[in-house]
Every structure is written in C-alpha cells, then in structure tokens.
Amino acid sequence: MVIAKKFILDKSFNGPPTDDNFKLVDEQLDELKNGEILVEAIWLSVDPYIRPYSNHVSPGTTVMGTQIAKIIKSKNQQYKEGKKVFCSTGWRTHSVINPNTLEKDVMPKFYVLPDFGNLSPSLGLGVLGMPGNTALFGFLNICDPKPGETVVISAAAGAVGSHVGQIAKDLGCNVIGFAGSDHKVKWLKEVLKFDAAFNYKTKDVTAALLEAAPHGVDCYFDNVGGEFSSAVIYRMKSFGRVSVCGSISSYNTNPKNLPKGNHFNLYSIIKFI
Ligand SMILES: NC(=O)C1=CN([C@@H]2O[C@H](COP(=O)(O)OP(=O)(O)OC[C@H]3O[C@@H](n4cnc5c(N)ncnc54)[C@H](OP(=O)(O)O)[C@@H]3O)[C@@H](O)[C@H]2O)C=CC1
Ligand SMILES: CCCCCC(=O)/C=C/[C@@H]1[C@@H](C/C=C\CCCC(=O)O)[C@@H](O)C[C@H]1O
C-alpha cells in the first residue's frame with residue numbers, strides 16, 4: 001500500500017500566497033489495476049500560472065502543477081518501470097495514472113521523457129519543457145526578431161525570459177533585460193551576456209530605455225504587464241512587435257480590481273501567446 005503526500009489548497013488565495021493557503025496531507029492510493037502505472041515525483045514545477053488559475057479552484061483540491069516522475073510500478077506493457085515521465089498531477093509525491101484513458105487536451109498531460117543522457121531530467125520542466133517552448137515560439141513567431149534589432153525583456157532572469165534573451169543574443173540582437181535584484185542584473189550581463197540590464201526596483205524604466213535604446217524598441221517580450229509594460233510600450237518604434245506572454249505583476253491582485261490597461265502604441269503589433 002502506498003501513501004502519497006500531497007499539498008492541497010486549504011484556503012483560497014487572497015493576495016500573495018502564504019503558508020496558510022497550503023496544507024500537506026496523506027492520501028492512500030488504491031492497488032494498481034490493469035493499464036495503470038504508479039509514478040513517484042522527482043521534480044515539481046512551481047509556475048506563475050498556478051496563482052491566477054487557482055482563483056477558480058475549490059479549497060481541498062490538490063495544488064495544480066506539472067512534474068517529472070519515475071514509473072516505480074507498472075501494469076501497462078507500454079510503460080516500463082524506471083522510465084521518466086512528464087505529468088500534470090499537481091504537487092504530490094505519488095500518483096496512479098492510466099496513460100491510455102487520459103483526456104486529450106491542447107496541452108499534453110502526460111508523456112514519457114526522451115533520454116536526456118547526463119543532463120538533469122528537471123530540464124523537462126525548463127528549457128526542454130513548457131517555459132523553453134514558450135520562449136522559443138513566443139519570441140520567434142510573434143516578435144519575428146532580426147539581427148541588430150533592439151529587444152527588451154521583462155522578468156528577464158526568469159525561466160522564460162532568460163531563454164528569450166539567450167535566443168535573441170544568438171540572433172545578433174541588442175538585448176536589454178529588466179530584473180528585480182542587482183544579483184540577477186549581474187547574472188544577465190556577465191553570464192548571459194545581455195547588452196544591458198537594469199534593476200527595475202531601483203532604476204526608472206523610461207530613463208533606462210532612453211540610455212540603452214535611445215532610438216526605440218523593436219521587440220518587447222512582455223512577462224509582467226502593468227505599469228512596467230506601459231513604459232516599455234511607449235518607447236516602441238513604429239511597427240515594433242510585442243509578445244504578451246504573461247502579466248505576473250497582477251497575478252496576486254483581486255481580478256475585480258485589476259490595474260488599468262497599457263498605453264498601446266497603435267503602430268506596434270501586439271499579440272498574445
Ligand atoms: N503564455 C504562455 O504560454 C506562458 C506564459 N508564461 C508567463 O511568463 C511569465 C514568466 O514566467 P516564468 O519565466 O516561468 O516565471 P519565473 O517564476 O521563472 O519568473 C517570474 C519572475 O517574475 C518577476 N516578477 C514577479 N512579480 C513581479 C512584478 N510584480 N513585477 C515585475 N516582475 C515580477 C520575478 O523576478 P524579478 O525578481 O526579476 O522581479 C519572478 O522571479 C509569467 O507571467 C508567466 O505567467 C509562462 C509560461 C507560458
Ligand atoms: C491570467 C493567467 C495568465 C497565465 C499565463 C501563463 O503563465 C500561462 C501558462 C499556460 C501553461 C499552463 C501549463 C499547464 C497548465 C496545467 C494545469 C493542470 O492541468 O494542472 C500552458 O498551458 C500554456 C499557457 O497557456
């Protein structure tokens with residue numbers, strides 16, 4: 001008999017998450033039936049979407065989220081013990097899954113990870129998973145960046161932004177990142193080789209842009225929304241492109257009291273991922 005440990009949403013969120021929102025509980029799992037597998041979590045992903053998506057979730061529900069897990073018992077010939085899998089089972093240690101009867105969805109809920117060799121399987125939740133794909137396709141398909149163009153990235157040291165910045169550097173763009181600490185800014189400049197990076201908590205965004213992008217911005221990869229994005233969008237060149245990936249600055253806000261919209265530059269093309 002296996003006892004899973006899982007985090008449930010104990011109290012609905014009201015503002016930034018606190019320990020009180022979560023409760024760790026046990027769940028006794030049933031014996032495997034034919035077709036089912038038992039997986040054990042190795043890595044859980046704590047992603048920004050969990051906060052706003054949970055506004056619609058009832059207390060008592062397992063906290064949503066994806067994980068990389070290992071098959072530790074199998075009653076399904078197609079899924080062998082020892083294989084590593086990606087699954088959307090939430091914040092829990094053990095889960096029983098029947099891969100053949102999972103709902104088909106736009107987003108995959110379950111798949112066997114390819115062999116990453118010596119690399120960490122955690123990359124299946126990072127650059128080789130949802131954040132990496134968001135960075136690659138959200139940047140290339142929507143911003144359509146060209147060598148020499150100026151690219152601004154918010155939350156630039158995060159999972160998505162740090163990959164957008166590296167892709168933009170590889171393409172020969174002038175890359176400007178914003179992050180919320182001096183340590184992150186140093187990492188963006190010294191390790192990821194961004195052309196410029198600023199701490200938006202201590203430096204005025206418009207002043208930073210006038211310094212690093214005096215002729216305006218061609219591409220803006222927007223992870224944060226709110227007032228920050230209004231300041232960047234105001235500095236877009238005509239026919240600049242904005243990829244609206246996320247708006248983390250408002251995720252802890254009550255949806256009935258969201259901030260005012262951006263000041264849109266009508267000559268920019270703005271698309272949502
Ligand atoms: N559309 C899509 O398909 C997807 C969208 N997203 C969105 O992309 C964005 C980034 O996700 P991801 O890289 O995984 O996140 P991470 O958790 O890696 O990074 C998030 C960072 O956002 C910054 N941040 C938090 N609050 C604020 C705020 N109020 N103002 C400005 N920055 C803030 C913080 O960095 P700092 O210390 O620098 O402030 C934080 O570390 C999110 O908005 C997310 O919802 C992500 C994946 C898919
Ligand atoms: C107002 C909220 C905006 C959130 C933007 C964002 O981060 C979107 C991310 C999703 C992402 C979600 C991933 C998995 C959800 C699985 C939930 C579950 O079944 O447990 C992915 O779906 C693409 C983006 O739309």
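The figures follow:
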item: Matching residues, region 228-258, being of a type in the set (Lys, Arg) and more than 22 Å from TYR49 (Cβ to Cβ); result: ARG235, LYS237, ARG241
item: Pairs with Cβ under 7 Å, 6+ apart, first in region 138-159 and on the phi > 0 side of the Ramachandran plot and outside the structural domain of GLU211 (by the TED database), second among the β-branched types (Val, Ile, Thr) and assigned to a loop (DSSP other than H, G, I, E, B); result: none
item: Selection count where residues are assigned to a loop (DSSP other than H, G, I, E, B) and not small (Gly, Ala, Ser), scope region 29-71; result: 16
item: Whichever residue in region 178-197 is of a type outside the set (Gly, Ala, Ser) and in a loop (DSSP other than H, G, I, E, B) and, among such residues, is surrounded by the fewest Cβ atoms within 10 Å (Cβ to Cβ); result: VAL191
item: Positions within region 102-113 being out of contact with any strand residue (DSSP E or B) (no Cβ under 9 Å at 6 or more places or on another chain) and either at pLDDT 95 or above or basic (Lys, Arg) (or both), in sequence order; result: LYS104
item: Residue within region 207-222 that is within 16 Å of ligand 2 (Cβ to nearest atom) and either assigned by the TED database to the domain that holds CYS143 or crowded, with 20+ Cβ neighbours inside 10 Å (or both) present; result: yes
item: Hey, THR101 within 23 Å of LYS11 (Cα to Cα), of a type outside the set (A, V, I, L, M), in contact (Cβ under 8 Å) with a residue 60 or more places away in the chain and more than 10 Å from ligand 2 (Cβ to nearest atom) or not; result: no
item: GLY165 vs. criteria under 20 Å from the mean Cα position of the chain (by Cα), under 27 Å from LEU128 (Cβ atoms) and part of a helix (DSSP H, G or I); result: yes
item: Pairs, first hydroxyl-bearing (Ser, Thr, Tyr) in region 234-245, second within 16 Å of ligand 1 (Cβ to nearest atom) and assigned to a strand (DSSP E or B), C-beta under 9 Å, six or more apart; result: SER243/CYS219; SER243/TYR220; SER243/PHE221; SER243/ASP222; SER243/ILE270; SER243/LYS271; SER243/PHE272
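To keep it simple, each residue is scored yes or no on (1) surrounded by fewer than 22 Cβ atoms within 10 Å (Cβ to Cβ); (2) assigned to a strand (DSSP E or B); (3) among the charged types (D, E, K, R); (4) near ligand 1 (Cβ under 10 Å from one of its atoms).
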position: SER122; (1), (2), (3), (4): yes, no, no, no
position: LEU128; (1), (2), (3), (4): yes, no, no, no
position: ALA155; (1), (2), (3), (4): no, no, no, yes
position: ILE176; (1), (2), (3), (4): no, yes, no, no
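The values are calculated or read from the model by the stated rules, or taken from the named source; none is laboratory data. In this text, all values refer to a predicted model and were calculated from it rather than measured experimentally. Glycine gets a Cβ as well: all are built from the backbone with ideal geometry, and neighbour counts include every protein chain shown.
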